[in-house]
There are 2 protein chains.
Amino acid sequence: MVKTEFSPIADTTRRAEIVALLRRAILTGQLEPGQKLNELRISEQMRVSRAPLREAMRELVQEGILTSIPYAGTFVINVTAKDIDDAYSLNKVLDEFAIERMWKQRDQRFLDELDRRHEAVKQATRDRDTTRQIETALQLHGLIHEWADNSVLLETWQRLTSRLQMYFALHQQARKEAVPAENVHETYVALLKGDDMRAAQRHAREHIDLDFEELLAYARGLERRPSKGA
Amino acid sequence: MVKTEFSPIADTTRRAEIVALLRRAILTGQLEPGQKLNELRISEQMRVSRAPLREAMRELVQEGILTSIPYAGTFVINVTAKDIDDAYSLNKVLDEFAIERMWKQRDQRFLDELDRRHEAVKQATRDRDTTRQIETALQLHGLIHEWADNSVLLETWQRLTSRLQMYFALHQQARKEAVPAENVHETYVALLKGDDMRAAQRHAREHIDLDFEELLAYARGLERRPSKGA
DNA sequence: GACAATCAGATTGTCGACAATCTAACAAGA
DNA sequence: TCTTGTTAGATTGTCGACAATCTGATTGTC
(Lines give C-alpha, C1' and ligand atoms only; values in the text may rest on other atoms or scores of the structure.)
Protein backbone atom coordinates (compact mmCIF):
# COMPACT_ATOMS: atom_id res chain seq x y z
CA MET A 1 0.00 0.00 0.00
CA VAL A 2 1.28 3.42 -0.96
CA LYS A 3 1.51 5.93 1.86
CA THR A 4 1.96 9.20 -0.04
CA GLU A 5 -1.23 11.09 -0.69
CA PHE A 6 -1.84 13.12 -3.81
CA SER A 7 -4.07 16.15 -4.01
CA PRO A 8 -6.34 16.52 -7.02
CA ILE A 9 -4.57 18.01 -10.00
CA ALA A 10 -5.45 21.52 -11.06
CA ASP A 11 -8.45 22.22 -13.26
CA THR A 12 -6.95 22.92 -16.62
CA THR A 13 -9.86 24.46 -18.44
CA ARG A 14 -9.71 28.03 -19.61
CA ARG A 15 -13.03 28.57 -17.92
CA ALA A 16 -11.63 27.78 -14.48
CA GLU A 17 -8.72 30.12 -14.97
CA ILE A 18 -10.97 32.89 -16.18
CA VAL A 19 -13.19 32.46 -13.13
CA ALA A 20 -10.17 32.79 -10.87
CA LEU A 21 -8.88 35.86 -12.71
CA LEU A 22 -12.21 37.65 -12.71
CA ARG A 23 -12.95 36.79 -9.10
CA ARG A 24 -9.63 38.16 -7.99
CA ALA A 25 -10.12 41.34 -10.00
CA ILE A 26 -13.50 41.89 -8.41
CA LEU A 27 -12.55 41.03 -4.85
CA THR A 28 -9.48 43.23 -4.88
CA GLY A 29 -11.48 46.14 -6.22
CA GLN A 30 -9.75 46.29 -9.60
CA LEU A 31 -13.20 46.13 -11.08
CA GLU A 32 -15.44 48.67 -9.42
CA PRO A 33 -18.97 48.00 -8.19
CA GLY A 34 -21.51 48.71 -10.88
CA GLN A 35 -18.95 48.47 -13.63
CA LYS A 36 -19.99 46.74 -16.82
CA LEU A 37 -17.98 43.82 -18.14
CA ASN A 38 -17.61 44.03 -21.91
CA GLU A 39 -17.35 40.47 -23.22
CA LEU A 40 -15.51 41.22 -26.44
CA ARG A 41 -12.96 43.47 -24.81
CA ILE A 42 -12.20 41.09 -21.94
CA SER A 43 -12.01 38.04 -24.21
CA GLU A 44 -9.51 39.84 -26.43
CA GLN A 45 -7.42 40.89 -23.45
CA MET A 46 -7.35 37.35 -22.13
CA ARG A 47 -6.84 35.87 -25.60
CA VAL A 48 -9.78 33.50 -25.29
CA SER A 49 -13.06 33.27 -27.10
CA ARG A 50 -16.29 34.51 -25.59
CA ALA A 51 -17.67 31.03 -24.89
CA PRO A 52 -15.53 30.13 -21.86
CA LEU A 53 -15.64 33.74 -20.70
CA ARG A 54 -19.42 33.77 -20.73
CA GLU A 55 -19.56 30.46 -18.86
CA ALA A 56 -17.20 31.88 -16.27
CA MET A 57 -19.38 34.94 -15.89
CA ARG A 58 -22.47 32.79 -15.35
CA GLU A 59 -20.67 31.13 -12.46
CA LEU A 60 -19.79 34.43 -10.86
CA VAL A 61 -23.34 35.67 -11.28
CA GLN A 62 -24.53 32.65 -9.36
CA GLU A 63 -21.77 33.25 -6.84
CA GLY A 64 -23.36 36.60 -6.17
CA ILE A 65 -20.59 39.03 -7.11
CA LEU A 66 -21.84 39.73 -10.64
CA THR A 67 -25.32 40.49 -11.83
CA SER A 68 -26.68 40.01 -15.32
CA ILE A 69 -29.43 41.71 -17.31
CA PRO A 70 -30.37 39.98 -20.58
CA TYR A 71 -29.22 41.85 -23.67
CA ALA A 72 -27.93 44.67 -21.49
CA GLY A 73 -24.81 43.24 -19.91
CA THR A 74 -23.14 41.77 -16.85
CA PHE A 75 -22.11 44.09 -14.03
CA VAL A 76 -20.17 43.98 -10.79
CA ILE A 77 -22.71 44.08 -7.98
CA ASN A 78 -23.38 47.35 -6.27
CA VAL A 79 -22.63 47.57 -2.59
CA THR A 80 -25.21 49.17 -0.36
CA ALA A 81 -25.01 49.78 3.37
CA LYS A 82 -27.90 47.39 3.79
CA ASP A 83 -26.06 44.64 1.96
CA ILE A 84 -23.18 44.95 4.35
CA ASP A 85 -25.52 45.01 7.31
CA ASP A 86 -27.33 41.92 6.04
CA ALA A 87 -24.14 40.02 5.34
CA TYR A 88 -22.67 40.80 8.73
CA SER A 89 -25.71 39.94 10.76
CA LEU A 90 -25.96 36.59 9.02
CA ASN A 91 -22.26 36.04 9.42
CA LYS A 92 -22.63 36.35 13.17
CA VAL A 93 -25.19 33.58 13.24
CA LEU A 94 -23.03 31.35 11.08
CA ASP A 95 -19.99 31.96 13.27
CA GLU A 96 -21.84 31.00 16.42
CA PHE A 97 -23.11 27.86 14.74
CA ALA A 98 -19.68 26.98 13.45
CA ILE A 99 -18.02 27.39 16.84
CA GLU A 100 -20.60 25.15 18.44
CA ARG A 101 -20.05 22.48 15.81
CA MET A 102 -16.26 22.50 15.71
CA TRP A 103 -15.67 22.90 19.43
CA LYS A 104 -15.30 19.22 20.22
CA GLN A 105 -13.35 18.55 17.03
CA ARG A 106 -10.39 20.67 18.05
CA ASP A 107 -7.11 18.81 18.17
CA GLN A 108 -3.42 19.53 17.74
CA ARG A 109 -3.74 19.86 13.99
CA PHE A 110 -6.41 22.49 14.46
CA LEU A 111 -4.31 24.47 16.90
CA ASP A 112 -1.32 24.33 14.58
CA GLU A 113 -3.35 25.55 11.63
CA LEU A 114 -4.84 28.29 13.78
CA ASP A 115 -1.37 29.55 14.67
CA ARG A 116 -0.24 29.28 11.09
CA ARG A 117 -3.07 31.42 9.78
CA HIS A 118 -2.74 33.88 12.62
CA GLU A 119 0.92 34.26 11.79
CA ALA A 120 0.05 34.87 8.13
CA VAL A 121 -2.18 37.78 9.12
CA LYS A 122 0.53 39.29 11.26
CA GLN A 123 3.05 38.92 8.48
CA ALA A 124 0.78 40.64 5.97
CA THR A 125 0.20 43.43 8.48
CA ARG A 126 3.92 43.92 8.98
CA ASP A 127 4.34 43.98 5.19
CA ARG A 128 1.66 46.67 4.89
CA ASP A 129 0.08 44.47 2.18
CA THR A 130 -3.56 45.40 2.65
CA THR A 131 -4.95 43.04 0.03
CA ARG A 132 -3.16 40.09 1.52
CA GLN A 133 -4.13 41.27 4.97
CA ILE A 134 -7.80 41.00 4.08
CA GLU A 135 -7.28 37.62 2.48
CA THR A 136 -5.43 36.13 5.42
CA ALA A 137 -7.78 37.58 8.01
CA LEU A 138 -10.72 35.96 6.25
CA GLN A 139 -8.81 32.70 6.02
CA LEU A 140 -8.18 32.83 9.75
CA HIS A 141 -11.83 33.42 10.30
CA GLY A 142 -12.76 30.61 7.94
CA LEU A 143 -10.95 27.97 9.93
CA ILE A 144 -13.84 27.42 12.31
CA HIS A 145 -16.13 26.83 9.36
CA GLU A 146 -13.76 24.37 7.78
CA TRP A 147 -13.58 22.41 11.02
CA ALA A 148 -17.31 22.40 11.67
CA ASP A 149 -17.57 19.42 9.34
CA ASN A 150 -20.66 20.73 7.59
CA SER A 151 -20.24 21.12 3.85
CA VAL A 152 -23.33 23.27 3.42
CA LEU A 153 -22.19 25.64 6.13
CA LEU A 154 -18.75 25.92 4.62
CA GLU A 155 -20.15 26.61 1.18
CA THR A 156 -22.50 29.23 2.57
CA TRP A 157 -19.73 30.91 4.49
CA GLN A 158 -17.50 31.02 1.43
CA ARG A 159 -20.23 32.75 -0.53
CA LEU A 160 -20.58 35.30 2.23
CA THR A 161 -16.84 35.71 2.35
CA SER A 162 -16.66 36.76 -1.27
CA ARG A 163 -18.86 39.72 -0.51
CA LEU A 164 -17.14 40.59 2.73
CA GLN A 165 -13.81 40.53 0.99
CA MET A 166 -15.16 42.84 -1.69
CA TYR A 167 -16.55 45.24 0.86
CA PHE A 168 -13.31 45.25 2.82
CA ALA A 169 -11.29 45.87 -0.30
CA LEU A 170 -13.37 48.93 -1.13
CA HIS A 171 -13.06 50.08 2.42
CA GLN A 172 -9.30 49.82 2.38
CA GLN A 173 -9.00 51.36 -1.04
CA ALA A 174 -11.03 54.33 0.07
CA ARG A 175 -8.82 54.97 3.06
CA LYS A 176 -5.64 54.38 1.13
CA GLU A 177 -3.79 52.90 4.07
CA ALA A 178 -3.25 49.76 6.05
CA VAL A 179 -5.32 49.42 9.10
CA PRO A 180 -5.84 47.17 12.07
CA ALA A 181 -3.28 46.95 14.79
CA GLU A 182 -1.33 43.74 14.66
CA ASN A 183 -2.93 42.28 17.74
CA VAL A 184 -6.56 42.51 16.69
CA HIS A 185 -7.01 38.77 16.51
CA GLU A 186 -5.02 37.83 19.62
CA THR A 187 -8.05 37.49 21.87
CA TYR A 188 -10.03 35.62 19.24
CA VAL A 189 -7.28 33.05 18.75
CA ALA A 190 -6.74 32.70 22.49
CA LEU A 191 -10.43 32.03 23.10
CA LEU A 192 -10.53 29.40 20.36
CA LYS A 193 -7.73 27.62 22.18
CA GLY A 194 -9.44 27.86 25.56
CA ASP A 195 -12.21 25.96 27.29
CA ASP A 196 -15.08 28.43 27.34
CA MET A 197 -17.15 27.94 24.23
CA ARG A 198 -19.76 30.54 25.16
CA ALA A 199 -17.03 33.13 25.64
CA ALA A 200 -15.62 32.35 22.22
CA GLN A 201 -19.02 32.72 20.62
CA ARG A 202 -19.62 35.99 22.42
CA HIS A 203 -16.28 37.38 21.36
CA ALA A 204 -16.74 36.36 17.76
CA ARG A 205 -19.93 38.36 17.75
CA GLU A 206 -18.42 41.40 19.40
CA HIS A 207 -15.23 41.34 17.39
CA ILE A 208 -17.20 41.35 14.22
CA ASP A 209 -19.28 44.22 15.47
CA LEU A 210 -16.14 46.27 15.81
CA ASP A 211 -15.00 46.01 12.21
CA PHE A 212 -18.57 46.28 11.17
CA GLU A 213 -19.19 49.70 12.58
CA GLU A 214 -16.29 51.10 10.66
CA LEU A 215 -17.31 49.38 7.45
CA LEU A 216 -20.91 50.48 7.75
CA ALA A 217 -19.83 54.07 8.21
CA TYR A 218 -17.90 53.83 4.97
CA ALA A 219 -20.84 52.21 3.23
CA ARG A 220 -23.16 55.02 4.23
CA GLY A 221 -20.67 57.34 2.60
CA LEU A 222 -21.04 55.35 -0.61
CA GLU A 223 -24.79 55.76 -0.50
CA ARG A 224 -24.47 59.47 -0.90
CA ARG A 225 -22.02 59.23 -3.81
CA PRO A 226 -23.40 56.32 -5.85
CA SER A 227 -21.33 54.65 -8.55
CA LYS A 228 -22.04 55.78 -12.05
CA GLY A 229 -21.77 52.20 -13.31
CA ALA A 230 -25.34 50.90 -13.29
CA MET B 1 -48.14 59.30 -10.29
CA VAL B 2 -49.20 55.91 -11.58
CA LYS B 3 -50.57 53.51 -9.02
CA THR B 4 -50.49 50.23 -10.93
CA GLU B 5 -47.44 48.10 -10.26
CA PHE B 6 -45.78 46.02 -12.94
CA SER B 7 -43.78 42.91 -12.33
CA PRO B 8 -40.56 42.45 -14.29
CA ILE B 9 -41.18 40.93 -17.70
CA ALA B 10 -40.08 37.37 -18.28
CA ASP B 11 -36.48 36.62 -19.12
CA THR B 12 -36.61 35.77 -22.78
CA THR B 13 -33.28 34.08 -23.22
CA ARG B 14 -33.10 30.41 -24.03
CA ARG B 15 -30.61 30.07 -21.21
CA ALA B 16 -33.13 31.15 -18.59
CA GLU B 17 -35.72 28.71 -19.87
CA ILE B 18 -33.23 25.89 -19.94
CA VAL B 19 -32.24 26.62 -16.35
CA ALA B 20 -35.87 26.46 -15.29
CA LEU B 21 -36.48 23.22 -17.19
CA LEU B 22 -33.40 21.50 -15.83
CA ARG B 23 -33.96 22.70 -12.29
CA ARG B 24 -37.47 21.40 -12.30
CA ALA B 25 -36.36 18.05 -13.70
CA ILE B 26 -33.77 17.70 -10.97
CA LEU B 27 -35.89 18.88 -8.07
CA THR B 28 -38.78 16.62 -8.98
CA GLY B 29 -36.51 13.64 -9.25
CA GLN B 30 -36.94 13.16 -12.99
CA LEU B 31 -33.18 13.23 -13.18
CA GLU B 32 -31.71 10.89 -10.62
CA PRO B 33 -28.84 11.74 -8.28
CA GLY B 34 -25.52 10.83 -9.81
CA GLN B 35 -26.93 10.77 -13.30
CA LYS B 36 -24.79 12.21 -16.04
CA LEU B 37 -26.17 14.96 -18.29
CA ASN B 38 -25.17 14.39 -21.88
CA GLU B 39 -24.91 17.79 -23.53
CA LEU B 40 -25.48 16.72 -27.11
CA ARG B 41 -28.48 14.58 -26.31
CA ILE B 42 -30.17 17.20 -24.13
CA SER B 43 -29.49 20.03 -26.56
CA GLU B 44 -31.07 17.99 -29.37
CA GLN B 45 -34.09 17.16 -27.25
CA MET B 46 -34.58 20.82 -26.35
CA ARG B 47 -33.80 21.96 -29.91
CA VAL B 48 -31.13 24.41 -28.78
CA SER B 49 -27.40 24.55 -29.33
CA ARG B 50 -24.94 23.49 -26.67
CA ALA B 51 -23.84 27.05 -25.83
CA PRO B 52 -26.90 28.19 -23.84
CA LEU B 53 -27.28 24.69 -22.41
CA ARG B 54 -23.74 24.73 -21.10
CA GLU B 55 -24.20 28.19 -19.62
CA ALA B 56 -27.36 26.99 -17.91
CA MET B 57 -25.51 24.01 -16.51
CA ARG B 58 -22.79 26.25 -15.09
CA GLU B 59 -25.45 28.16 -13.21
CA LEU B 60 -26.91 25.01 -11.73
CA VAL B 61 -23.47 23.79 -10.74
CA GLN B 62 -22.98 27.00 -8.81
CA GLU B 63 -26.46 26.60 -7.40
CA GLY B 64 -25.27 23.36 -5.88
CA ILE B 65 -27.55 20.81 -7.51
CA LEU B 66 -25.17 19.80 -10.29
CA THR B 67 -21.50 18.97 -10.10
CA SER B 68 -18.98 19.17 -12.90
CA ILE B 69 -15.75 17.33 -13.62
CA PRO B 70 -13.68 18.79 -16.48
CA TYR B 71 -13.68 16.61 -19.60
CA ALA B 72 -15.71 13.99 -17.76
CA GLY B 73 -19.15 15.52 -17.55
CA THR B 74 -21.77 17.21 -15.43
CA PHE B 75 -23.77 15.15 -12.95
CA VAL B 76 -26.73 15.52 -10.65
CA ILE B 77 -25.35 15.74 -7.12
CA ASN B 78 -25.40 12.63 -5.00
CA VAL B 79 -27.39 12.72 -1.80
CA THR B 80 -25.76 11.37 1.31
CA ALA B 81 -27.24 11.10 4.78
CA LYS B 82 -24.65 13.56 5.96
CA ASP B 83 -25.68 16.10 3.36
CA ILE B 84 -29.22 15.98 4.61
CA ASP B 85 -28.06 16.21 8.18
CA ASP B 86 -25.86 19.20 7.36
CA ALA B 87 -28.58 20.99 5.42
CA TYR B 88 -31.16 20.50 8.13
CA SER B 89 -29.01 21.58 11.01
CA LEU B 90 -28.10 24.76 9.17
CA ASN B 91 -31.71 25.29 8.21
CA LYS B 92 -32.68 25.31 11.86
CA VAL B 93 -30.26 28.12 12.56
CA LEU B 94 -31.49 30.13 9.60
CA ASP B 95 -35.12 29.65 10.64
CA GLU B 96 -34.46 30.92 14.13
CA PHE B 97 -32.63 33.91 12.75
CA ALA B 98 -35.38 34.64 10.25
CA ILE B 99 -38.13 34.49 12.87
CA GLU B 100 -36.23 36.91 15.05
CA ARG B 101 -35.78 39.32 12.19
CA MET B 102 -39.29 39.22 10.76
CA TRP B 103 -41.16 39.16 14.06
CA LYS B 104 -41.72 42.89 14.33
CA GLN B 105 -42.42 43.25 10.64
CA ARG B 106 -45.58 41.17 10.73
CA ASP B 107 -48.66 42.99 9.54
CA GLN B 108 -51.97 42.18 7.91
CA ARG B 109 -50.38 41.52 4.54
CA PHE B 110 -48.08 38.99 6.15
CA LEU B 111 -50.93 37.19 7.88
CA ASP B 112 -52.93 37.07 4.65
CA GLU B 113 -50.01 35.63 2.72
CA LEU B 114 -49.42 33.13 5.50
CA ASP B 115 -52.98 31.91 5.21
CA ARG B 116 -52.80 31.83 1.45
CA ARG B 117 -49.73 29.62 1.42
CA HIS B 118 -51.08 27.42 4.16
CA GLU B 119 -54.23 26.93 2.15
CA ALA B 120 -52.13 25.99 -0.90
CA VAL B 121 -50.44 23.23 1.07
CA LYS B 122 -53.75 21.86 2.26
CA GLN B 123 -55.14 21.95 -1.26
CA ALA B 124 -52.15 20.04 -2.65
CA THR B 125 -52.53 17.51 0.13
CA ARG B 126 -56.20 17.00 -0.66
CA ASP B 127 -55.28 16.58 -4.32
CA ARG B 128 -52.70 13.93 -3.43
CA ASP B 129 -50.25 15.90 -5.58
CA THR B 130 -47.03 15.05 -3.80
CA THR B 131 -44.77 17.19 -5.97
CA ARG B 132 -46.92 20.25 -5.47
CA GLN B 133 -47.23 19.38 -1.81
CA ILE B 134 -43.49 19.65 -1.37
CA GLU B 135 -43.34 22.86 -3.36
CA THR B 136 -46.08 24.57 -1.40
CA ALA B 137 -44.81 23.41 1.97
CA LEU B 138 -41.41 24.91 1.20
CA GLN B 139 -43.06 28.11 0.03
CA LEU B 140 -44.96 28.29 3.29
CA HIS B 141 -41.73 27.82 5.15
CA GLY B 142 -39.98 30.40 3.02
CA LEU B 143 -42.33 33.19 4.00
CA ILE B 144 -40.44 34.00 7.18
CA HIS B 145 -37.27 34.36 5.18
CA GLU B 146 -38.90 36.63 2.65
CA TRP B 147 -40.17 38.86 5.44
CA ALA B 148 -36.90 38.98 7.35
CA ASP B 149 -35.78 41.75 5.00
CA ASN B 150 -32.30 40.33 4.58
CA SER B 151 -31.40 39.59 0.98
CA VAL B 152 -28.39 37.48 1.84
CA LEU B 153 -30.44 35.33 4.19
CA LEU B 154 -33.15 34.88 1.58
CA GLU B 155 -30.64 33.89 -1.06
CA THR B 156 -28.97 31.45 1.29
CA TRP B 157 -32.27 29.90 2.26
CA GLN B 158 -33.27 29.49 -1.37
CA ARG B 159 -30.08 27.62 -2.07
CA LEU B 160 -30.74 25.35 0.84
CA THR B 161 -34.30 24.89 -0.32
CA SER B 162 -33.22 23.51 -3.66
CA ARG B 163 -31.49 20.67 -1.92
CA LEU B 164 -34.22 20.07 0.57
CA GLN B 165 -36.76 19.91 -2.23
CA MET B 166 -34.60 17.40 -4.02
CA TYR B 167 -34.23 15.26 -0.94
CA PHE B 168 -37.95 15.38 -0.26
CA ALA B 169 -38.77 14.43 -3.82
CA LEU B 170 -36.56 11.36 -3.59
CA HIS B 171 -38.10 10.53 -0.29
CA GLN B 172 -41.61 10.74 -1.63
CA GLN B 173 -40.74 8.86 -4.78
CA ALA B 174 -39.28 6.05 -2.74
CA ARG B 175 -42.40 5.65 -0.65
CA LYS B 176 -44.72 6.00 -3.62
CA GLU B 177 -47.45 7.67 -1.65
CA ALA B 178 -48.63 10.98 -0.31
CA VAL B 179 -47.73 11.67 3.23
CA PRO B 180 -48.24 14.17 5.96
CA ALA B 181 -51.60 14.61 7.58
CA GLU B 182 -53.31 17.78 6.46
CA ASN B 183 -52.83 19.53 9.79
CA VAL B 184 -49.08 19.25 10.06
CA HIS B 185 -48.52 22.97 9.73
CA GLU B 186 -51.46 24.16 11.86
CA THR B 187 -49.39 24.74 14.98
CA TYR B 188 -46.59 26.39 13.06
CA VAL B 189 -48.94 28.86 11.41
CA ALA B 190 -50.76 29.55 14.66
CA LEU B 191 -47.51 30.33 16.47
CA LEU B 192 -46.41 32.70 13.72
CA LYS B 193 -49.64 34.59 14.25
CA GLY B 194 -49.23 34.68 18.02
CA ASP B 195 -47.21 36.79 20.43
CA ASP B 196 -44.58 34.38 21.71
CA MET B 197 -41.54 34.60 19.49
CA ARG B 198 -39.47 32.14 21.49
CA ALA B 199 -42.23 29.57 21.23
CA ALA B 200 -42.35 30.01 17.47
CA GLN B 201 -38.61 29.54 17.23
CA ARG B 202 -38.73 26.46 19.41
CA HIS B 203 -41.52 24.92 17.38
CA ALA B 204 -39.81 25.61 14.09
CA ARG B 205 -36.88 23.69 15.41
CA GLU B 206 -38.92 20.78 16.69
CA HIS B 207 -41.20 20.63 13.70
CA ILE B 208 -38.23 20.38 11.42
CA ASP B 209 -36.77 17.65 13.57
CA LEU B 210 -39.88 15.63 12.97
CA ASP B 211 -39.67 15.54 9.19
CA PHE B 212 -35.96 15.23 9.49
CA GLU B 213 -35.94 11.93 11.34
CA GLU B 214 -38.03 10.32 8.66
CA LEU B 215 -35.92 11.76 5.88
CA LEU B 216 -32.68 10.75 7.51
CA ALA B 217 -33.89 7.20 7.88
CA TYR B 218 -34.57 7.13 4.17
CA ALA B 219 -31.19 8.63 3.42
CA ARG B 220 -29.42 5.95 5.42
CA GLY B 221 -31.20 3.46 3.22
CA LEU B 222 -29.69 5.16 0.19
CA GLU B 223 -26.22 4.82 1.67
CA ARG B 224 -26.45 1.08 1.50
CA ARG B 225 -27.67 1.07 -2.10
CA PRO B 226 -25.60 3.80 -3.73
CA SER B 227 -26.54 5.16 -7.12
CA LYS B 228 -24.59 3.75 -10.02
CA GLY B 229 -24.36 7.22 -11.61
CA ALA B 230 -21.04 8.63 -10.44
C1' DG C 1 -38.07 73.78 -29.72
C1' DA C 2 -40.42 69.33 -28.57
C1' DC C 3 -41.46 64.93 -29.96
C1' DA C 4 -41.79 60.59 -32.55
C1' DA C 5 -39.82 57.60 -36.21
C1' DT C 6 -35.80 55.80 -38.16
C1' DC C 7 -31.34 54.06 -38.53
C1' DA C 8 -26.42 52.83 -37.62
C1' DG C 9 -23.30 51.07 -34.37
C1' DA C 10 -22.21 48.34 -30.60
C1' DT C 11 -23.13 44.44 -27.63
C1' DT C 12 -25.22 40.27 -26.15
C1' DG C 13 -27.32 35.67 -27.38
C1' DT C 14 -27.02 31.62 -30.22
C1' DC C 15 -25.26 28.47 -33.59
C1' DG C 16 -22.47 24.89 -36.03
C1' DA C 17 -17.82 23.11 -36.53
C1' DC C 18 -13.33 21.87 -34.87
C1' DA C 19 -9.80 20.72 -31.17
C1' DA C 20 -8.61 18.51 -26.84
C1' DT C 21 -9.49 15.00 -23.73
C1' DC C 22 -11.37 10.88 -21.78
C1' DT C 23 -13.01 5.92 -21.86
C1' DA C 24 -13.03 1.35 -22.96
C1' DA C 25 -11.69 -2.31 -25.82
C1' DC C 26 -8.05 -4.75 -27.74
C1' DA C 27 -3.27 -6.30 -28.62
C1' DA C 28 1.49 -7.26 -27.15
C1' DG C 29 4.84 -8.57 -23.98
C1' DA C 30 6.70 -10.05 -19.37
C1' DT D 1 -2.50 -13.72 -15.80
C1' DC D 2 -1.25 -9.24 -15.17
C1' DT D 3 0.48 -5.10 -16.90
C1' DT D 4 1.36 -1.77 -20.47
C1' DG D 5 0.76 0.42 -25.06
C1' DT D 6 -2.37 1.52 -28.78
C1' DT D 7 -6.39 2.95 -30.98
C1' DA D 8 -11.26 4.17 -32.14
C1' DG D 9 -15.26 6.26 -30.56
C1' DA D 10 -17.71 9.36 -27.83
C1' DT D 11 -17.93 13.56 -25.16
C1' DT D 12 -16.46 17.89 -23.45
C1' DG D 13 -14.01 22.40 -24.30
C1' DT D 14 -13.22 26.17 -27.43
C1' DC D 15 -13.58 28.93 -31.49
C1' DG D 16 -15.30 32.22 -35.08
C1' DA D 17 -19.42 33.81 -37.37
C1' DC D 18 -24.18 35.15 -37.50
C1' DA D 19 -28.77 36.66 -35.41
C1' DA D 20 -31.34 39.29 -32.03
C1' DT D 21 -31.55 43.13 -29.19
C1' DC D 22 -30.39 47.51 -27.19
C1' DT D 23 -28.65 52.45 -27.24
C1' DG D 24 -28.21 56.97 -28.94
C1' DA D 25 -27.90 59.99 -32.53
C1' DT D 26 -30.19 61.82 -36.49
C1' DT D 27 -33.88 63.23 -39.13
C1' DG D 28 -38.34 64.86 -40.10
C1' DT D 29 -42.69 66.78 -38.57
C1' DC D 30 -45.71 69.66 -35.83
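The values are calculated or read from the model by the stated rules, or taken from the named source; none is laboratory data. None of these values were measured; they are calculated from a predicted model. Because the Cβ atoms are built from the backbone with ideal geometry, glycine has one as well, and the counts that use them run over all protein chains shown. Note: accessible area is taken over every heavy atom of the protein model, side chains too, but ligands, DNA and RNA are not part of it. Shrake-Rupley method; radii C 1.70, N 1.55, O 1.52, S 1.80 Å.
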How much accessible area is lost when chains B and A come together, counting both sides, with a 1.4 Å probe, in Å² rounded to the nearest 100? 2900 Å²
Suppose R0 equals 22 Å. What FRET efficiency, 1/(1 + (r/R0)^6) with r the Cβ-Cβ distance, do B:A199 and B:D85 give to the nearest 0.05? 0.30
Note: B:150-159 gets an average of partner chain Cβ contacts (10 Å, Cβ to Cβ) equal to 6
Between A:E119 and A:Q158, with labels modelled 7 Å along Cα→Cβ, what's the label distance in nm to one decimal, could you check? 2.6 nm
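Based on the Cα atoms of region A:1-126, what semi-axes does the equivalent ellipsoid have, where each is the square root of 5 times one gyration tensor eigenvalue, given in whole Å with the largest first?
Values: eigenvalues 227, 112, 44 Å².
Working through the eigenvalues yields semi-axes of 34, 24, 15 Å.
When Lys and Arg each count +1 and Asp and Glu each count -1, what net charge do the other residues less than 12 Å away from A:L53, Cβ to Cβ, add up to? Display every interim value, and only then the final one.
On the way: positive: A:R14, A:R15, A:R41, A:R47, A:R50, A:R54, A:R58, B:R58; negative: A:E17, A:E39, A:E44, A:E55, A:E59, B:E55.
My count for the surroundings of A:L53 gives +2.
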What a careful reader reports for the chain A Cβ nearest the rotation axis onto chain B, distance rounded to whole angstrom, is A:Q62, 2
Delta accessible area of at least 20 Å² on complex formation, residues of region B:14-57, 1.4 Å probe, chain isolated as reference: B:R15, B:R54, B:E55
Counting other Cβ atoms within 10 Å, keep those with at most 11, restrict to DSSP loop, and tell me which chymotrypsin sites (Phe, Trp or Tyr not before Pro) in region A:30-128 are left. A:Y71
Just to verify a number: FRET efficiency for B:W103 and A:R109, C-beta to C-beta distance, R0 = 35 Å, to 0.05? 0.25
For the pair B:Q30/B:N183, report the inter-label distance in nm, with labels modelled 7 Å from Cα in the Cβ direction. 3.7 nm
Loop only by DSSP, 14 or fewer other Cβ within 10 Å of the Cβ. Give me the trypsin sites (Lys or Arg not before Pro) in region B:66-166 that pass, ordered by residue number. B:R106, B:R128
